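K.L.:
Next up is a structure, given as structure tokens.
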Amino acid sequence: MCGIVGYIGTQQAAPLLLEGLTRLEHRGYDSAGVAVLGGSGLRSAKRAGRVRDLGDGLPRRFAGKAGIGHTRWATHGPATDANAHPHLDAVSDAAARVAVVHNGIIDNAAALRAELADAGVELASDTDTEVIAHLVAASRAATPEARVAEALARIEGTYGLAVLQADFPDRIVVARNGSPLLVGVGEREMHVASDLAALVRYTTTVAHLDDGELAVVTAGGFTTYRLGGPELSATDRPAEQVDVDPAAFEAGEHVSFMRKEMLEQPARAEAVLRGRLDTRFGTGHLGGLNLDARELRAFRRVVILGCGSAYYVGQMGATLIEELARVPAHAEAASEFRYRNPIIEPDTLYVAVSQSGETVDTLLAVQEIQRKGGRVIGLVNVVGSAIARQVDGGVYLHAGPEVAVASTKALTNMFLAFALLALQLGRVRDLSIADGQRLIAALADLPDRIEQVLAREEQWVPVAKRLAQAESLFFIGRVRGFPVAREGAQKFKEISYRHAEAYQTSELKHGPLALVSPEVPTVAIVPDDELLERNITALQQIAARGGPLVVVTHEGVDLGDLDPSSSTGPARSAGSGGSAGDARPEVTRLDVPRSERELDPILLTIPLQLLAFHAAEHLGLDIDKPRNLAKSVTVE
Ligand code: AGP
């Protein structure tokens, strides 16, 4: 989604702004721009397209030691040069006094635009942001912060923003309401960004603004204020050292961040489990929940909220919680939750799950629950993020920075955190110590199993290439396997742009089977569990209609005459050719090692990440920056 950078200090701002914007490219964007403030006043440059093109096209004289920059992900108006940020209060740099970059959405922009137009203001874009520049410019307040505060008082909606004002060349004003904004402290210089990724190269001393906070940033430091009252009141927010390795934001020798992040999974899985496995009592140890055994036992229901892949892992988590704790649990899309006027119960445990901790749909669901008196815990990766700060307790995922839009390692750690939570909820109820210890041992072993799955990558590349040829694919699974199928389809469509749809295997014959044909492959999740026989029956129905099959299953599972190695049956392996007129369907199996059944979903998910990755790579697509998508979705 949109990204913000800012710089003020002793160096020329433009190269630093461009570098910062490059670091934010992964968030997803369609245009970019910068503005600097120097001896000759405000200068700005912006265009639809890549940051690299913006840099190449910058005028030679673009001097200024204060500046702001932006990557835009279009909401109001298409991705054009005019709609790119920064927005000014005038149609030319020469006449401009104010430049603004903004993330978020201004809900009353139409009314404000009409008001400005009636007053004779010439608007240069279709955006909501442009009104902020005009409102700031219209203010007669004495200080730059008061001018911005006055403008913001007229605005309804969400924002993270940064403002340059020609009348105050030694400061940048930034503010936050619902969209992240960080201030980074350097040596006689200060940085501003919407994401830590843009700052870590320069500093790891960072202040996260709160919603409703504004900061005045100069080369020597920053001062924070609370917005909203008649006067700005100081908030004295400190900058803190963040514990992050800047190298974690680099792809290093890897071809893409997604590949790097998939390969990191064993190590990151170890990190989320560290110190949280109680072998003696066979339970999880999640101190951050802020819930004692009596409180945990009192919950009669668990509701999990997340978006996209986080929602699908939430479904895996709900199944785990029901299995281990025998408490009714379900997951739902956080984006829909508050619009159906949900019933919030005091004896329900609400769980918000998010990698970024900034997904606005999930954040708003959390706020809705809290407004109605519910208790929410968070499973969140990014430390200090909005959801992490909003929830009543929670678990950090310790996946490290995740840069690729397609989430992998964070999802794995979400699942592991759910396993720990399910154990903890189970062990204060009826889950036996023996079962608890069985699962704790399996969790301890899981990083090695993940490593074993990843080690099979090369064998599966031809399968991915074969799937990449299909315009349309099915992913199917049952019960524990269904969210795995949903996540597999999600990953595949996100980065390979193929139409990939997930169904419950049991639902195929109620409709989707009509679409099965030799052109539509099915990726089937078939764990060695109580549903194996039924799953195989469904596979046979697909095979009988000529549908190619990729079966993700456990080592040693007997697929009968569907097995590619079977000499008696009708099947052959994908890519093995087959003579003309050979009507036998293709069947390929991808075997994963066994764990305990309850933990199957995560090991079955990893081959699907690899399939999506290699299909997209084969198609020559930009894996880390898939079209139309953003890493953190900070608008509704
Ligand atoms: C995952 O590959 C997707 N990019 C997306 O569905 C993501 O999981 C979703 O937007 C939620 O993000 P969050 O975990 O940061 O809240």
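K.L.:
Exactly one condition in (1) within 13 Å of the ligand (Cβ to nearest atom); (2) at positive phi is not met by His398; state its number.
P.N.:
(1)
K.L.:
Restricting the search to region 374-390, which residues are more than 13 Å from the ligand (Cβ to nearest atom), assigned to a loop (DSSP other than H, G, I, E, B) and at pLDDT below 95?
P.N.:
Val383, Gly384
K.L.:
Same structure again: If I ask for residues that are at pLDDT below 95 and either in a loop (DSSP other than H, G, I, E, B) or on the phi > 0 side of the Ramachandran plot (or both), which ones from region 157-166 would you list?
P.N.:
Scanning region 157-166 gives Gly157, Thr158.
K.L.:
In region 253-281, which residues are over 23 Å from the mean Cα position of the chain (by Cα) and outside any strand (DSSP E or B)?
P.N.:
Of everything in region 253-281, those that are over 23 Å from the mean Cα position of the chain (by Cα) and outside any strand (DSSP E or B) turn out to be Glu253, Arg274, Gly275, Arg276, Thr279, Arg280, Phe281.
K.L.:
Conditions first: (1) at pLDDT 95 or above; (2) surrounded by fewer than 20 Cβ atoms within 10 Å (Cβ to Cβ); (3) part of a helix (DSSP H, G or I). Glu336 passes all but one, so which condition is the exception?
P.N.:
Exception for Glu336: condition (1).
K.L.:
Return a yes/no flag: does region 396-419 have any residue that is modelled with pLDDT of 95 or more, under 25 Å from Val206 (Cα atoms) and surrounded by fewer than 24 Cβ atoms within 10 Å (Cβ to Cβ).
P.N.:
Within region 396-419, one or more residues are modelled with pLDDT of 95 or more, under 25 Å from Val206 (Cα atoms) and surrounded by fewer than 24 Cβ atoms within 10 Å (Cβ to Cβ).
K.L.:
Being closer than 16 Å to Val100 by Cα and not in a loop (DSSP other than H, G, I, E, B) is the requirement here; does Val217 meet it?
P.N.:
Judged against the criteria, Val217 is a match.
K.L.:
While we're here: Quick check: is even one residue across region 293-304 within 16 Å of the ligand (Cβ to nearest atom), at pLDDT 95 or above and either out of contact with any Lys or Arg (no Cβ under 7 Å at 6 or more places or on another chain) or closer than 21 Å to Ala489 by Cα (or both)?
P.N.:
The answer is yes, given that some residue of region 293-304 is within 16 Å of the ligand (Cβ to nearest atom), at pLDDT 95 or above and either out of contact with any Lys or Arg (no Cβ under 7 Å at 6 or more places or on another chain) or closer than 21 Å to Ala489 by Cα (or both).
K.L.:
Now, a different point. Looking for something in contact with a Gly (Cβ under 6 Å, 6 or more places away or on another chain), more than 30 Å from Tyr159 (Cα to Cα) and assigned to a strand (DSSP E or B) - is there at least one such residue anywhere in region 282-303?
P.N.:
yes
K.L.:
Just the residues that are within 16 Å of the ligand (Cβ to nearest atom), under 25 Å from Leu439 (Cα atoms) and either free of Cβ contacts under 8 Å to residues at least 40 places away in the same chain or not hydroxyl-bearing (Ser, Thr, Tyr) (or both), please, taken from region 337-360.
P.N.:
Val351, Ala352, Val353, Gln355
K.L.:
While we're looking at this one, here's another question. With respect to Arg52, is the statement that it is assigned to a helix (DSSP H, G or I), within 26 Å of the chain's Cα centre (by Cα) and without any contact (Cβ under 8 Å) to a residue 40 or more places away in the chain true?
P.N.:
The answer is yes for Arg52.
K.L.:
List the pairs whose first member sits in region 384-404 and is of a type in the set (S, T, N, Q), whose second member is within 13 Å of the ligand (Cβ to nearest atom), and whose Cβ atoms are under 8 Å apart, counting only residues at least 6 apart or on separate chains?
P.N.:
Final answer for the pair search is Ser385/Pro180; Ser385/Ser354; Ser385/Ser356; Ser385/Gly357; Ser385/Glu358; Gln390/Leu363; Gln390/Val366; Gln390/Gly378.
K.L.:
Which numbered condition trips up Glu145, out of (1) modelled with pLDDT of 95 or more; (2) more than 22 Å from Gly64 (Cα to Cα); (3) touching a Ser or Thr at 6+ places or on another chain (Cβ under 9 Å)?
P.N.:
(2)
K.L.:
Check region 416-430 and report whether any residue there is over 15 Å from Thr634 (Cβ atoms) and free of Cβ contacts under 8 Å to residues at least 24 places away in the same chain.
P.N.:
Within region 416-430, not a single residue is over 15 Å from Thr634 (Cβ atoms) and free of Cβ contacts under 8 Å to residues at least 24 places away in the same chain.
K.L.:
May I ask you to verify whether Ala334 is in contact with a Phe, Trp or Tyr (Cβ under 9 Å, 6 or more places away or on another chain), of a type outside the set (S, T, N, Q) and near the ligand (Cβ under 9 Å from one of its atoms)?
P.N.:
yes
K.L.:
Starting from residues that are in a helix (DSSP H, G or I) and among the hydrophobic types (A, V, I, L, M, F, W, C), keep the ones in region 12-35 and report whichever is farthest from Lys625 (Cα to Cα).
P.N.:
Ala13
K.L.:
Only one residue in Leu227, Leu263, Leu277 is among the aliphatic types (A, V, I, L, M) and closer than 30 Å to Gln165 by Cα. Which one?
P.N.:
Testing whether each residue is among the aliphatic types (A, V, I, L, M) and closer than 30 Å to Gln165 by Cα leaves just Leu227.
K.L.:
While we're on this one: Taking Ala419 as the residue in question, decide whether it is of a type in the set (Gly, Ala, Ser) and under 19 Å from Leu286 (Cβ atoms).
P.N.:
Yes; evaluated as a whole, the condition is true for this residue.
The values are calculated or read from the model by the stated rules, or taken from the named source; none is laboratory data. Since this is a predicted model, take the numbers as computed values, not measurements. Note that we place each Cβ from the backbone using ideal geometry, even for glycine, and neighbour counts take in every protein chain shown.
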